[in-house]
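The values are calculated or read from the model by the stated rules, or taken from the named source; none is laboratory data. Keep in mind that what you see is a predicted model, and the values were worked out from it rather than measured. Here the Cβ is made from the backbone with ideal geometry for all residues, glycine too, and neighbour counts use every protein chain on show. Surface areas here come from the heavy atoms of the whole protein model, side chains and all, with no ligands, DNA or RNA. Shrake-Rupley method; radii C 1.70, N 1.55, O 1.52, S 1.80 Å.
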Amino acid sequence: MRSLDPQSLAPAELPGFAFLLNHVLGEKFGAWREALALHQRSLDFPGVTPGRLRLAAAAAFAAGDAAATRGFTEAYAAAVKADPGRADEVVRLSAAVCTVQRLSAAEAGQLAQDLLWAVEQPGWQQATSLDAAVAACLNNLAGALQERAPADLRDPVLRGALLRCAAQAHRFWARAGTWVQVERALYLRATVATALEDFDAALGFSREALALIAANEAGGPQPVDRAFLELEQAHACECLGQVEEGAAARLRADRLAAAFTDAGLQAWYAARRAALAGASPG
């Protein structure tokens, strides 16, 4: 990435490049000033998208550059015709997705709680042009919190933040997303509940998501989503002592996964199946 000249990339490649600047240079290596400099170079010519402005603002915030943060945030707000204060809250969410893993469990939980408090205020109760970005950031933040070590998930502040984050992602996707995005928000809530060992909730969210797929079958069968949801349902049933229901759900999941033609999806399914087996009581 360091050897790439942003201006040599095709316009369609620039959003992905902007994403990688934050998630590789920033999140993995903590090189936020370097990421910011590359954002600035890539934004020097036409065709800038709101998403790239948001990511540049997040990199500036993480790098501690107040002037660049303000400039990119104002440009982002103008691009989506949004209130600058609300845009700033989205930028902070976007930055947190890439910085929260470097914090302790208590610090990560408190940061997430503070950001969640902001998007739960009255100004966010009506639909805005920022809703899809908020939903995506909350979704990714919940994912980052959920991936922490099991010991971290016992921290009460982090647990509360994780639950609220997944719930708010669901709320914003319900307002701004497609039915598939809502279904995947329910899957996130199911996996969060599983991570926190609330198997009744995991089962409920899995079944709600499967019902949503069934109600929208005309839009496509979603075999990949169904396989992962059935797997989550199977694990929840087994942990609740519903052995026959769990076995049936696992069989459905395995049959769907056996038809995957993508090696990456097969590996992802196998990894999730193994992780759940390892987390099973006893």
Restrict the search to region 1-99; then list the trypsin sites (Lys or Arg not before Pro) that DSSP places in a loop and that have at most 15 other Cβ atoms within 10 Å of their Cβ.
Arg2, Lys28, Lys81
For the chain, with all protein chains present and a 1.4 Å probe, just round the carbon and sulfur fraction of the accessible area to a whole percent.
56 percent
Using a Gaussian network model of the chain whose springs link C-alpha atoms within less than 10 Å, name the residue from Leu138, Leu55, Leu265 with the highest mean-square fluctuation.
Leu265
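Normalising by the residue count of region 143-229, find the relative contact order in percent from Cα pairs under 8 Å and 6+ residues apart.
After rounding, I find 23 percent.
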Highest-fluctuation residue, Ala247, Ala185, Ala169 considered, GNM on the chain with Cα pairs under 10 Å:
Ala247
Loop-located chymotrypsin sites (Phe, Trp or Tyr not before Pro) in region 1-64 whose Cβ has at most 16 other Cβ within 10 Å (DSSP)
Phe29
GluC sites (Glu not before Pro) restricted to DSSP loop in region 180-282 with at most 15 other C-beta within 10 Å:
Glu197
Based solely on C-alpha atoms, express the radius of gyration and the Dmax of the chain in angstrom.
19.9, 60
Starting from the 7 Å offset along Cα-to-Cβ, what nm value, one decimal, do you get for the label separation of Glu74 and Leu4?
2.9 nm
Strictly greater than 24 Å: what percent of every Cα pair in region 65-175 meets that?
24 percent
For the chain, what is the mean residue ellipticity at 222 nm derived from helices alone (per DSSP H run of n ≥ 4: -39500 (n - 2.57); sum divided by total residues; nearest 500 deg cm²/dmol)?
-23000 deg cm²/dmol
Amide N proximity, region 118-132 versus Lys81 label position 7 Å along Cα-to-Cβ, cut-off under 12 Å
129-130
Please work out the Cα center distance from region 37-72 to region 105-134, rounded to the nearest Å.
21 Å
If one takes the longest principal axis of the Cα atoms in the chain, at what angle in degrees, from 0 to 90 and to the nearest 10, does the Cα axis of helix 84-99 lie?
60 degrees
Suppose the chain between Asp200 and Ala167 were pulled fully straight at 0.36 nm per residue; how much longer would it get relative to their current alpha carbon spacing?
10.3 nm
Rounded to 0.05, the calculated FRET efficiency for the beta carbons of Glu244 and Glu107 at R₀ = 35 Å is 0.20
Cα-derived Rg to Rh of region 124-190, Kirkwood definition
1.01
Considering all projection directions equally, how large on average is the shadow of the alpha-carbon convex hull of region 171-281, in square nanometres?
6.9 nm²
Residue among Gly30, Gly264, Gly109 with the largest mean-square fluctuation in a Gaussian network model of the chain, springs linking Cα atoms under 10 Å:
Gly264
If contacts are Cα pairs under 8 angstrom and at least 6 residues apart, what is the relative contact order of the chain in percent?
10 percent
Taking the chain as the reference, fit the longest principal axis to its C-alpha atoms, fit the long axis of helix 243-258 to the helix C-alpha atoms, and give the angle between the two in degrees, 0 to 90, nearest 10.
50 degrees
Keeping all protein chains in place, calculate the accessible area per residue for the chain (probe 1.4 angstrom), answer in Å².
46 Å²
Between helix 131-146 and the chain: long-axis angle, C-alpha atoms, 0 to 90°, nearest 10:
60 degrees
Provide the gained length on full extension for the span Ser129 to Arg255, in nm with one decimal, where the gain is 0.36 nm per separating residue minus the Cα-Cα distance.
41.3 nm
Give me the number: length gained by fully extending Trp179 to Phe45, i.e. 0.36 nm times residue separation minus the C-alpha to C-alpha distance, one decimal in nm.
44.7 nm
Beyond 24 Å, what share of the Cα-Cα pairs of region 1-134 is found? Please give it as a whole percent.
27 percent
